[in-house]
Amino acid sequence: MGGAITADLEVRRAYETDASGLHMVPDAVARPRDERDVGEILRYATTERVPVTVAGAQSSTTGASITDRGVLMSMRGCDRIVDIDPVARVARVQAGALVSDVKHAAAAAGLTWAPDPTSEAESTVGGAIACNASGPRTLWYGPTRRHVRGLRVALADGRILDVRREQVEKNTAGYPLAQNQVDWFIGSEGTLGIVLEADLSLVPRPDVVLGLAVPFESEGAALAFVATVRDAAGLAPRCIEYFDAAAAAIAGDADGARLAGGTCLVYAEQVVDAGQTRDGVLDGWLAAAESHAARADDIQVFEGDAALARARAMRHAVPATMNERGARARAAGGRKVSTDWAVPYHALAAAVASVRQIAADAGLAPAVTYGHAGNGHPHQNYIATDGAELERIEDVVGRTLRQIVSVGGTISAEHGIGKLKRRWLALQLSPVQLDVMRALKHALDPLALLAPGNIL
(Lines give C-alpha, C1' and ligand atoms only; values in the text may rest on other atoms or scores of the structure.)
Protein backbone atom coordinates (compact mmCIF):
# COMPACT_ATOMS: atom_id res chain seq x y z
CA MET A 1 0.00 0.00 0.00
CA GLY A 2 1.09 3.63 -0.44
CA GLY A 3 2.83 5.07 2.58
CA ALA A 4 3.66 1.50 3.52
CA ILE A 5 3.63 0.41 7.14
CA THR A 6 7.10 -0.57 8.34
CA ALA A 7 8.20 -2.49 11.40
CA ASP A 8 11.86 -1.55 10.99
CA LEU A 9 13.21 -0.98 14.50
CA GLU A 10 15.36 2.02 13.56
CA VAL A 11 12.35 3.75 12.00
CA ARG A 12 10.14 2.91 14.97
CA ARG A 13 12.68 4.36 17.41
CA ALA A 14 12.71 7.60 15.44
CA TYR A 15 9.10 8.11 16.57
CA GLU A 16 9.33 6.91 20.17
CA THR A 17 9.34 10.26 21.98
CA ASP A 18 7.71 13.69 22.08
CA ALA A 19 8.05 16.65 24.44
CA SER A 20 6.39 14.77 27.32
CA GLY A 21 9.55 12.96 28.40
CA LEU A 22 7.88 9.60 27.83
CA HIS A 23 9.38 7.03 25.47
CA MET A 24 7.15 4.52 23.67
CA VAL A 25 8.29 2.46 20.70
CA PRO A 26 5.37 1.76 18.32
CA ASP A 27 4.83 -1.69 16.82
CA ALA A 28 4.98 -0.13 13.36
CA VAL A 29 5.17 3.26 11.61
CA ALA A 30 3.15 4.53 8.63
CA ARG A 31 4.16 7.65 6.69
CA PRO A 32 1.31 8.49 4.29
CA ARG A 33 1.94 10.86 1.39
CA ASP A 34 -1.68 11.73 0.65
CA GLU A 35 -5.31 11.11 1.56
CA ARG A 36 -5.44 7.86 -0.38
CA ASP A 37 -2.57 6.45 1.68
CA VAL A 38 -4.31 7.41 4.91
CA GLY A 39 -7.51 5.67 3.81
CA GLU A 40 -5.67 2.49 2.86
CA ILE A 41 -3.82 2.37 6.16
CA LEU A 42 -7.00 2.88 8.17
CA ARG A 43 -8.93 0.25 6.22
CA TYR A 44 -6.10 -2.21 6.81
CA ALA A 45 -6.02 -1.34 10.50
CA THR A 46 -9.79 -1.82 10.81
CA THR A 47 -9.66 -5.20 9.10
CA GLU A 48 -6.79 -6.40 11.25
CA ARG A 49 -8.01 -4.64 14.44
CA VAL A 50 -4.74 -2.71 14.74
CA PRO A 51 -4.72 0.55 16.77
CA VAL A 52 -3.55 3.73 15.02
CA THR A 53 -2.14 6.81 16.74
CA VAL A 54 -1.67 9.91 14.58
CA ALA A 55 1.29 12.26 15.02
CA GLY A 56 2.48 15.53 13.55
CA ALA A 57 5.76 17.08 14.66
CA GLN A 58 5.52 15.23 18.01
CA SER A 59 5.73 18.34 20.18
CA SER A 60 3.02 17.07 22.55
CA THR A 61 3.79 17.53 26.24
CA THR A 62 1.26 14.87 27.29
CA GLY A 63 2.36 11.80 25.34
CA ALA A 64 -0.54 12.15 22.91
CA SER A 65 1.65 11.71 19.81
CA ILE A 66 3.49 8.53 20.83
CA THR A 67 2.33 4.96 21.39
CA ASP A 68 3.54 1.46 22.13
CA ARG A 69 0.37 -0.12 20.75
CA GLY A 70 -0.12 -0.62 17.03
CA VAL A 71 0.77 1.84 14.26
CA LEU A 72 2.13 5.34 14.68
CA MET A 73 0.92 7.33 11.66
CA SER A 74 3.10 10.36 10.93
CA MET A 75 1.33 13.06 8.90
CA ARG A 76 4.47 15.09 8.20
CA GLY A 77 4.47 13.94 4.57
CA CYS A 78 1.08 15.62 4.04
CA ASP A 79 2.26 19.19 4.47
CA ARG A 80 1.01 21.18 1.49
CA ILE A 81 -0.40 24.66 1.83
CA VAL A 82 -3.12 24.14 -0.75
CA ASP A 83 -4.42 27.68 -1.10
CA ILE A 84 -4.39 31.14 0.47
CA ASP A 85 -7.49 33.16 -0.43
CA PRO A 86 -6.78 36.78 0.58
CA VAL A 87 -10.30 37.96 -0.27
CA ALA A 88 -12.15 35.34 1.78
CA ARG A 89 -9.28 35.32 4.30
CA VAL A 90 -9.09 31.54 4.29
CA ALA A 91 -6.14 29.16 4.08
CA ARG A 92 -6.64 25.56 3.04
CA VAL A 93 -3.76 23.44 4.33
CA GLN A 94 -2.90 19.82 4.89
CA ALA A 95 -2.57 18.57 8.44
CA GLY A 96 1.19 18.10 8.33
CA ALA A 97 1.97 21.73 7.46
CA LEU A 98 3.94 23.54 10.14
CA VAL A 99 2.12 26.41 11.83
CA SER A 100 5.05 28.73 11.11
CA ASP A 101 4.94 27.87 7.39
CA VAL A 102 1.23 28.72 7.25
CA LYS A 103 1.94 32.05 8.93
CA HIS A 104 4.72 32.86 6.46
CA ALA A 105 2.48 32.04 3.49
CA ALA A 106 -0.36 34.14 4.86
CA ALA A 107 1.99 37.06 5.62
CA ALA A 108 2.60 37.54 1.89
CA ALA A 109 -1.06 38.57 1.67
CA GLY A 110 -0.88 40.79 4.76
CA LEU A 111 -2.67 38.16 6.84
CA THR A 112 -1.89 35.69 9.61
CA TRP A 113 -3.36 32.64 11.30
CA ALA A 114 -3.91 33.87 14.83
CA PRO A 115 -3.13 30.80 16.98
CA ASP A 116 0.50 31.08 18.05
CA PRO A 117 1.82 28.10 20.00
CA THR A 118 5.29 29.02 21.20
CA SER A 119 6.59 25.94 19.36
CA GLU A 120 4.98 27.04 16.07
CA ALA A 121 8.11 26.14 14.08
CA GLU A 122 7.91 22.65 15.60
CA SER A 123 4.15 22.04 15.57
CA THR A 124 1.78 21.11 12.77
CA VAL A 125 -1.68 22.44 11.98
CA GLY A 126 -3.10 18.97 12.61
CA GLY A 127 -1.45 18.87 16.02
CA ALA A 128 -2.69 22.36 16.87
CA ILE A 129 -6.22 21.28 15.97
CA ALA A 130 -5.89 18.00 17.85
CA CYS A 131 -5.24 19.75 21.18
CA ASN A 132 -6.99 23.08 20.48
CA ALA A 133 -3.64 24.80 20.85
CA SER A 134 -3.29 28.40 21.86
CA GLY A 135 -0.25 30.44 22.85
CA PRO A 136 0.66 33.86 24.24
CA ARG A 137 -1.65 35.85 21.95
CA THR A 138 -4.69 33.73 22.78
CA LEU A 139 -5.57 36.47 25.25
CA TRP A 140 -6.64 38.61 22.29
CA TYR A 141 -7.39 36.13 19.52
CA GLY A 142 -8.67 33.05 21.33
CA PRO A 143 -7.54 29.42 20.84
CA THR A 144 -7.40 27.36 17.65
CA ARG A 145 -11.09 26.42 17.75
CA ARG A 146 -12.13 29.97 16.92
CA HIS A 147 -10.00 29.98 13.76
CA VAL A 148 -11.06 26.75 12.05
CA ARG A 149 -13.88 26.99 9.48
CA GLY A 150 -13.92 23.46 8.18
CA LEU A 151 -12.18 20.10 8.28
CA ARG A 152 -11.67 17.09 6.07
CA VAL A 153 -11.32 14.11 8.37
CA ALA A 154 -10.66 10.39 7.94
CA LEU A 155 -12.68 8.25 10.34
CA ALA A 156 -11.28 5.08 11.86
CA ASP A 157 -12.65 2.84 9.09
CA GLY A 158 -11.21 5.03 6.34
CA ARG A 159 -14.38 6.92 5.45
CA ILE A 160 -13.90 10.62 4.69
CA LEU A 161 -16.00 13.24 6.43
CA ASP A 162 -16.19 16.88 5.33
CA VAL A 163 -17.48 19.16 8.07
CA ARG A 164 -17.97 22.91 8.08
CA ARG A 165 -18.89 25.36 10.78
CA GLU A 166 -22.52 26.43 10.54
CA GLN A 167 -23.13 29.88 9.09
CA VAL A 168 -26.62 30.65 10.40
CA GLU A 169 -26.97 32.95 13.38
CA LYS A 170 -29.75 30.88 14.97
CA ASN A 171 -30.21 27.12 15.09
CA THR A 172 -32.41 24.88 17.24
CA ALA A 173 -32.12 21.70 15.15
CA GLY A 174 -31.10 18.99 17.60
CA TYR A 175 -28.69 18.96 20.51
CA PRO A 176 -26.00 21.66 20.45
CA LEU A 177 -23.43 18.85 20.59
CA ALA A 178 -24.51 17.68 17.11
CA GLN A 179 -24.76 21.06 15.40
CA ASN A 180 -21.10 21.96 14.92
CA GLN A 181 -19.31 18.81 13.84
CA VAL A 182 -16.07 20.73 13.39
CA ASP A 183 -15.87 21.01 17.16
CA TRP A 184 -15.99 17.24 17.60
CA PHE A 185 -12.45 16.98 16.29
CA ILE A 186 -10.82 20.12 17.69
CA GLY A 187 -9.26 19.07 20.98
CA SER A 188 -10.00 15.37 20.45
CA GLU A 189 -6.30 14.44 20.33
CA GLY A 190 -6.69 12.00 17.46
CA THR A 191 -9.25 9.84 19.27
CA LEU A 192 -12.22 10.55 16.97
CA GLY A 193 -10.70 10.95 13.52
CA ILE A 194 -7.57 11.97 11.64
CA VAL A 195 -7.50 15.50 10.25
CA LEU A 196 -6.45 15.55 6.59
CA GLU A 197 -7.06 19.16 5.61
CA ALA A 198 -8.31 22.28 7.34
CA ASP A 199 -9.86 25.54 6.21
CA LEU A 200 -8.38 28.17 8.52
CA SER A 201 -9.73 31.67 9.14
CA LEU A 202 -7.08 34.35 8.65
CA VAL A 203 -6.92 37.82 10.19
CA PRO A 204 -5.06 40.97 9.10
CA ARG A 205 -1.51 41.35 10.38
CA PRO A 206 -1.30 44.42 12.60
CA ASP A 207 0.87 47.26 11.34
CA VAL A 208 2.35 48.38 14.68
CA VAL A 209 2.84 46.22 17.75
CA LEU A 210 4.68 47.19 20.92
CA GLY A 211 6.14 44.66 23.34
CA LEU A 212 7.20 45.49 26.88
CA ALA A 213 9.21 43.45 29.36
CA VAL A 214 8.42 44.79 32.82
CA PRO A 215 10.58 43.59 35.75
CA PHE A 216 9.37 43.26 39.35
CA GLU A 217 11.04 42.47 42.64
CA SER A 218 8.31 40.07 43.78
CA GLU A 219 5.91 37.54 42.33
CA GLY A 220 2.98 39.10 44.16
CA ALA A 221 3.59 42.52 42.63
CA ALA A 222 3.99 41.05 39.15
CA LEU A 223 0.76 39.05 39.30
CA ALA A 224 -1.17 42.01 40.76
CA PHE A 225 0.05 44.02 37.78
CA VAL A 226 -1.27 41.33 35.43
CA ALA A 227 -4.78 41.58 36.87
CA THR A 228 -4.70 45.38 36.77
CA VAL A 229 -3.67 45.70 33.13
CA ARG A 230 -6.14 43.01 32.08
CA ASP A 231 -8.93 45.20 33.47
CA ALA A 232 -7.51 48.63 32.66
CA ALA A 233 -9.47 50.96 30.40
CA GLY A 234 -7.28 52.19 27.58
CA LEU A 235 -5.00 49.15 27.58
CA ALA A 236 -5.76 46.31 25.17
CA PRO A 237 -2.99 43.71 25.50
CA ARG A 238 -2.90 40.89 22.99
CA CYS A 239 -0.71 38.87 25.36
CA ILE A 240 0.39 39.04 29.00
CA GLU A 241 3.09 36.52 29.87
CA TYR A 242 4.63 35.92 33.29
CA PHE A 243 8.16 34.67 34.10
CA ASP A 244 9.09 33.89 37.68
CA ALA A 245 12.69 34.53 38.73
CA ALA A 246 13.92 31.14 37.51
CA ALA A 247 12.13 31.44 34.16
CA ALA A 248 13.28 35.05 33.73
CA ALA A 249 16.87 33.95 34.28
CA ILE A 250 16.55 31.34 31.53
CA ALA A 251 15.01 33.87 29.14
CA GLY A 252 17.68 36.43 30.00
CA ASP A 253 20.49 33.96 29.45
CA ALA A 254 19.05 33.04 26.05
CA ASP A 255 19.06 36.71 25.06
CA GLY A 256 22.46 37.43 26.57
CA ALA A 257 20.90 39.82 29.07
CA ARG A 258 21.61 38.86 32.66
CA LEU A 259 18.86 39.99 35.01
CA ALA A 260 19.26 40.92 38.62
CA GLY A 261 18.80 37.90 40.88
CA GLY A 262 15.22 37.34 42.01
CA THR A 263 13.72 39.49 39.27
CA CYS A 264 10.33 38.43 37.90
CA LEU A 265 9.11 39.60 34.52
CA VAL A 266 5.80 40.37 32.86
CA TYR A 267 5.95 40.54 29.08
CA ALA A 268 3.01 42.13 27.26
CA GLU A 269 2.16 43.19 23.72
CA GLN A 270 -0.38 45.65 22.40
CA VAL A 271 -1.41 46.54 18.87
CA VAL A 272 -1.31 50.28 18.23
CA ASP A 273 -4.60 50.88 16.43
CA ALA A 274 -5.72 53.76 14.27
CA GLY A 275 -6.52 56.71 16.51
CA GLN A 276 -3.77 55.72 18.97
CA THR A 277 -0.19 56.87 19.10
CA ARG A 278 2.85 54.83 19.97
CA ASP A 279 3.80 57.21 22.78
CA GLY A 280 0.28 57.30 24.14
CA VAL A 281 0.15 53.49 24.39
CA LEU A 282 3.58 53.39 26.03
CA ASP A 283 2.60 56.06 28.54
CA GLY A 284 -0.41 54.00 29.61
CA TRP A 285 1.72 50.92 30.23
CA LEU A 286 4.44 52.82 32.02
CA ALA A 287 1.93 54.47 34.34
CA ALA A 288 0.43 51.07 35.22
CA ALA A 289 3.90 49.59 35.81
CA GLU A 290 4.99 52.40 38.09
CA SER A 291 1.80 52.12 40.14
CA HIS A 292 2.74 48.48 40.90
CA ALA A 293 6.33 49.16 41.97
CA ALA A 294 7.86 47.82 38.80
CA ARG A 295 11.53 48.50 38.18
CA ALA A 296 10.62 51.23 35.74
CA ASP A 297 14.18 52.08 34.75
CA ASP A 298 14.72 48.50 33.53
CA ILE A 299 11.62 48.18 31.34
CA GLN A 300 12.51 47.04 27.82
CA VAL A 301 10.47 47.96 24.74
CA PHE A 302 10.32 45.64 21.72
CA GLU A 303 9.22 47.24 18.47
CA GLY A 304 9.35 45.91 14.92
CA ASP A 305 9.32 42.35 13.58
CA ALA A 306 12.93 41.58 14.50
CA ALA A 307 12.59 42.78 18.08
CA LEU A 308 9.28 40.96 18.59
CA ALA A 309 10.84 37.78 17.19
CA ARG A 310 13.66 38.20 19.70
CA ALA A 311 11.16 38.47 22.54
CA ARG A 312 9.41 35.36 21.27
CA ALA A 313 12.70 33.47 21.18
CA MET A 314 13.32 34.43 24.81
CA ARG A 315 9.90 33.06 25.74
CA HIS A 316 10.48 29.81 23.82
CA ALA A 317 13.86 29.35 25.52
CA VAL A 318 12.13 28.55 28.80
CA PRO A 319 10.25 25.37 27.80
CA ALA A 320 13.11 24.37 25.48
CA THR A 321 15.61 24.60 28.34
CA MET A 322 13.34 22.71 30.70
CA ASN A 323 12.87 19.96 28.10
CA GLU A 324 16.66 19.62 27.88
CA ARG A 325 16.98 19.40 31.67
CA GLY A 326 14.28 16.76 31.76
CA ALA A 327 15.96 14.71 29.04
CA ARG A 328 19.20 14.63 31.06
CA ALA A 329 17.32 13.06 33.99
CA ARG A 330 15.83 10.22 31.96
CA ALA A 331 18.71 7.78 32.51
CA ALA A 332 18.01 7.86 36.26
CA GLY A 333 14.26 7.41 35.78
CA GLY A 334 13.37 11.09 35.96
CA ARG A 335 11.93 13.59 33.50
CA LYS A 336 10.29 16.98 33.25
CA VAL A 337 6.81 17.18 34.77
CA SER A 338 4.74 20.11 33.54
CA THR A 339 1.35 21.46 34.51
CA ASP A 340 -1.13 23.24 32.27
CA TRP A 341 -3.82 24.34 34.71
CA ALA A 342 -5.70 27.62 34.59
CA VAL A 343 -7.96 29.60 36.90
CA PRO A 344 -10.00 32.80 36.45
CA TYR A 345 -7.31 35.43 36.05
CA HIS A 346 -8.25 37.36 39.19
CA ALA A 347 -7.58 34.18 41.16
CA LEU A 348 -4.14 33.58 39.67
CA ALA A 349 -1.97 35.17 42.38
CA ALA A 350 -3.72 33.24 45.16
CA ALA A 351 -3.60 30.02 43.14
CA VAL A 352 0.13 30.29 42.47
CA ALA A 353 0.82 30.97 46.15
CA SER A 354 -1.30 28.01 47.28
CA VAL A 355 0.24 25.49 44.87
CA ARG A 356 3.74 26.68 45.70
CA GLN A 357 2.92 25.92 49.32
CA ILE A 358 1.74 22.42 48.38
CA ALA A 359 5.13 21.77 46.76
CA ALA A 360 7.06 23.30 49.66
CA ASP A 361 5.17 21.16 52.18
CA ALA A 362 6.26 18.10 50.19
CA GLY A 363 9.87 19.23 50.27
CA LEU A 364 10.11 19.94 46.55
CA ALA A 365 12.16 22.69 44.97
CA PRO A 366 9.93 25.45 43.54
CA ALA A 367 8.61 24.78 40.06
CA VAL A 368 9.85 27.02 37.26
CA THR A 369 6.66 28.99 36.60
CA TYR A 370 5.89 30.98 33.45
CA GLY A 371 3.27 31.44 30.79
CA HIS A 372 -0.05 32.92 29.92
CA ALA A 373 -0.86 34.87 33.07
CA GLY A 374 -3.33 37.13 31.28
CA ASN A 375 -5.58 34.08 30.87
CA GLY A 376 -4.89 32.87 34.43
CA HIS A 377 -2.85 30.11 32.82
CA PRO A 378 0.74 29.51 33.98
CA HIS A 379 2.94 26.52 33.25
CA GLN A 380 4.79 24.96 36.16
CA ASN A 381 7.80 22.80 35.29
CA TYR A 382 9.43 20.42 37.75
CA ILE A 383 12.49 18.29 37.03
CA ALA A 384 12.38 14.85 38.60
CA THR A 385 15.98 13.70 38.96
CA ASP A 386 15.03 10.04 39.49
CA GLY A 387 12.06 7.70 39.78
CA ALA A 388 11.48 8.34 43.48
CA GLU A 389 11.33 12.09 42.98
CA LEU A 390 9.04 11.58 39.99
CA GLU A 391 6.51 9.85 42.25
CA ARG A 392 6.66 12.70 44.77
CA ILE A 393 6.21 15.33 42.05
CA GLU A 394 3.26 13.51 40.50
CA ASP A 395 1.61 13.31 43.92
CA VAL A 396 2.09 17.07 44.31
CA VAL A 397 0.65 17.67 40.84
CA GLY A 398 -2.41 15.63 41.76
CA ARG A 399 -2.95 17.69 44.92
CA THR A 400 -2.32 20.87 42.93
CA LEU A 401 -5.01 19.99 40.40
CA ARG A 402 -7.54 19.20 43.12
CA GLN A 403 -6.91 22.66 44.53
CA ILE A 404 -7.23 24.27 41.10
CA VAL A 405 -10.52 22.55 40.29
CA SER A 406 -11.89 23.56 43.71
CA VAL A 407 -11.54 27.25 42.78
CA GLY A 408 -13.21 26.90 39.39
CA GLY A 409 -10.14 26.11 37.31
CA THR A 410 -9.24 23.52 34.70
CA ILE A 411 -6.59 20.82 34.79
CA SER A 412 -5.58 21.54 31.17
CA ALA A 413 -5.91 24.83 29.30
CA GLU A 414 -4.02 24.15 26.05
CA HIS A 415 -1.86 21.03 26.03
CA GLY A 416 -4.71 18.54 26.21
CA ILE A 417 -4.98 15.40 28.31
CA GLY A 418 -3.04 12.81 26.32
CA LYS A 419 -1.80 9.90 28.37
CA LEU A 420 -0.12 11.76 31.22
CA LYS A 421 -3.15 13.66 32.50
CA ARG A 422 -5.80 11.01 31.92
CA ARG A 423 -5.69 9.93 35.57
CA TRP A 424 -6.82 13.41 36.64
CA LEU A 425 -9.63 14.03 34.15
CA ALA A 426 -12.31 12.80 36.58
CA LEU A 427 -11.29 15.56 39.00
CA GLN A 428 -12.95 18.02 36.62
CA LEU A 429 -15.50 16.10 34.56
CA SER A 430 -18.51 14.34 36.02
CA PRO A 431 -19.42 10.70 35.24
CA VAL A 432 -22.20 12.00 32.98
CA GLN A 433 -19.76 14.16 31.01
CA LEU A 434 -17.37 11.24 30.62
CA ASP A 435 -20.22 9.01 29.46
CA VAL A 436 -21.17 11.55 26.77
CA MET A 437 -17.55 11.58 25.59
CA ARG A 438 -17.48 7.78 25.46
CA ALA A 439 -20.72 7.75 23.47
CA LEU A 440 -19.28 10.09 20.85
CA LYS A 441 -16.11 8.01 20.73
CA HIS A 442 -18.16 4.85 20.17
CA ALA A 443 -20.22 6.48 17.41
CA LEU A 444 -17.14 7.55 15.43
CA ASP A 445 -14.67 4.83 16.40
CA PRO A 446 -16.71 1.81 17.53
CA LEU A 447 -13.68 -0.52 17.64
CA ALA A 448 -11.71 1.99 19.74
CA LEU A 449 -8.73 1.82 17.38
CA LEU A 450 -7.75 5.51 17.27
CA ALA A 451 -5.17 6.87 19.73
CA PRO A 452 -5.57 4.27 22.50
CA GLY A 453 -4.70 5.73 25.87
CA ASN A 454 -5.35 9.34 24.91
CA ILE A 455 -7.97 11.13 27.05
CA LEU A 456 -10.14 8.07 27.85
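Rounded, prolate or oblate, given the Cα gyration tensor of the range 329-426, with a/c below 1.5 counting as rounded?
Values: a/c = 1.79, a/b = 1.49, b/c = 1.20.
Prolate, because a/c is 1.5 or more and a/b exceeds b/c.
Defining a contact as two alpha carbons under 8 Å apart and six or more residues distant in sequence, what relative contact order in percent does the range 1-95 show? Don't skip to the end; give the middle numbers.
Working: 188 pairs, mean separation 27.9, N = 95.
About 29 percent, as a whole number.
Please give the charge dipole size of the chain, origin at the Cα centre, charges +1 on K and R Cβ atoms and -1 on D and E Cβ atoms. Round to the nearest 20 debye.
Working: 46 positive and 54 negative charges, 192 e Å.
With Lys and Arg at +1 and Asp and Glu at -1, about 920 debye.
Rounded, prolate or oblate: which fits the range 90-161 when a ≥ b ≥ c are the square roots of the eigenvalues of the alpha-carbon gyration tensor, with rounded for a/c under 1.5 and prolate only if a/b beats b/c? Let's see the in-between values first.
Numbers: a/c = 1.84, a/b = 1.53, b/c = 1.20.
Taking the square roots of the gyration eigenvalues as a ≥ b ≥ c, the range 90-161 is prolate.
With a ≥ b ≥ c taken as the square roots of the eigenvalues of the C-alpha gyration tensor of the range 1-67, please select rounded if a/c is under 1.5 and otherwise prolate if a/b is larger than b/c or oblate if it is not? Before the final figure, lay out each step's value.
Values: a/c = 1.88, a/b = 1.74, b/c = 1.08.
Prolate.
Compare the peptides 215-224, 120-129, 8-17 by average per-residue count of other Cβ atoms within 10 angstrom and give them in order, highest first. Numbers along the way, then the final one.
Values: 215-224: 19.1, 120-129: 26.0, 8-17: 14.2.
Per-residue Cβ counts within 10 Å, averaged per peptide and sorted highest first, yield 120-129, 215-224, 8-17.
Note down the net charge around Leu210, summing +1 for each Lys or Arg and -1 for each Asp or Glu among other residues with Cβ under 9 Å from its Cβ. If you can, show how the numbers build up before the last one.
On the way: positive: Arg278; negative: Glu269, Glu303.
Overall, the nearby charge balance is -1.
Taking the radius of gyration and the Kirkwood hydrodynamic radius from Cα positions alone, what is the Rg/Rh ratio for the range 1-118, to two decimal places?
Numbers: Rg = 16.1 Å, Rh = 15.4 Å.
Reported Rg/Rh, Kirkwood definition of Rh: 1.04.
If you project the alpha carbons of the chain onto the principal axes, what extent comes out on each, in Å, largest first?
Projected onto the principal axes, the Cα atoms of the chain cover 66, 57, 44 Å.
Which Cα, out of Ser100, Gly127, Thr144, lies furthest along the positive dipole direction of the range 74-148 (beta carbon charges, K/R +1, D/E -1)?
Thr144
Net charge near Ala293, counting Lys/Arg +1 and Asp/Glu -1 over other residues with Cβ under 15 Å of its Cβ? List each step's numbers first, then the result.
On the way: positive: Arg295; negative: Glu217, Glu219, Glu290, Asp297, Asp298.
Here the charged neighbours net out to -4.
So which trypsin sites (Lys or Arg not before Pro) in the range 188-271 are both in a DSSP loop and have at most 11 other Cβ atoms within 10 Å of their Cβ?
Values: sites: Arg230, Arg238, Arg258; in loops: Arg258.
When the trypsin sites (Lys or Arg not before Pro) of the range 188-271 are filtered for loop state and at most 11 Cβ neighbours within 10 Å, Arg258 remain.
In deg cm²/dmol and to the nearest 500, what is the mean residue ellipticity at 222 nm of the chain if only DSSP H runs of at least 4 residues count, each as -39500 (n - 2.57), divided by the residue total?
For the chain, the value works out to -10500 deg cm²/dmol.
Can you list the aspartates and glutamates whose alpha carbon sits under 15 Å from that of Lys419, skipping same-chain ones fewer than 8 residues off?
Excluding near neighbours in sequence, the set is Glu16, Asp18, Asp68, Glu189, Asp340, Glu394.
Leaving out ligands, DNA and RNA, and with a 1.4 Å probe, what % of the accessible surface on the chain is carbon or sulfur?
On the way: 10000 of 19270 Å².
Carbon-and-sulfur percentage of accessible area, whole number: 52.
Find the centroid of the Cα atoms in the range 378-456 and in the range 338-374, then give the distance between the two in whole Å.
Going from one Cα centre to the other spans 17 Å.
Please work out the average accessible area per residue across the chain, using the 1.4 Å probe convention, and give it in Å². Walk me through the numbers on the way to the answer.
Numbers: 19270 Å² over 456 residues.
I get 42 Å² per residue for the chain.
Considering the dipole of the range 377-447 built from charges on the beta carbon (Lys and Arg +1, Asp and Glu -1) around the Cα centre, which of Met437, Leu427, Val407 is farthest to its positive end?
Most positive-ward Cα: Met437.
Between the range 126-168 and the range 223-240, what is the separation of their alpha carbon centroids in Å?
Each part reduced to its Cα centre gives a spacing of 29 Å.
Which ³J(HN,Hα) values, rounded to whole Hz and listed in residue order, are derived for the range 128-140 from phi using the Karplus coefficients 6.51, -1.76 and 1.60 in 6.51 cos²θ - 1.76 cosθ + 1.60 with θ = phi - 60°, glycine and proline given as x?
4, 5, 4, 10, 6, 4, 9, x, x, 7, 4, 3, 9
Calculate the dipole size of the range 118-229 relative to its Cα centre from +1 charges on Lys and Arg beta carbons and -1 charges on Asp and Glu beta carbons; express the result in debye to the nearest 20. Walk me through the numbers before you get to the answer.
Working: 10 positive and 13 negative charges, 78 e Å.
Computed about the Cα centre, the dipole is about 380 debye.
For Lys421, list the lysines whose Cα falls under 28 Å from its own Cα; do not include residues on the same chain fewer than 8 positions away.
Lys336, Lys441
The values are calculated or read from the model by the stated rules, or taken from the named source; none is laboratory data. These numbers come from a predicted model, not from an experiment. Neighbour counts run over all protein chains shown; Cβ positions are idealised from the backbone, glycine included. Quick note on the areas: whole protein, heavy atoms, side chains included, nothing else; ligands and nucleic acids left out. Shrake-Rupley method; radii C 1.70, N 1.55, O 1.52, S 1.80 Å.
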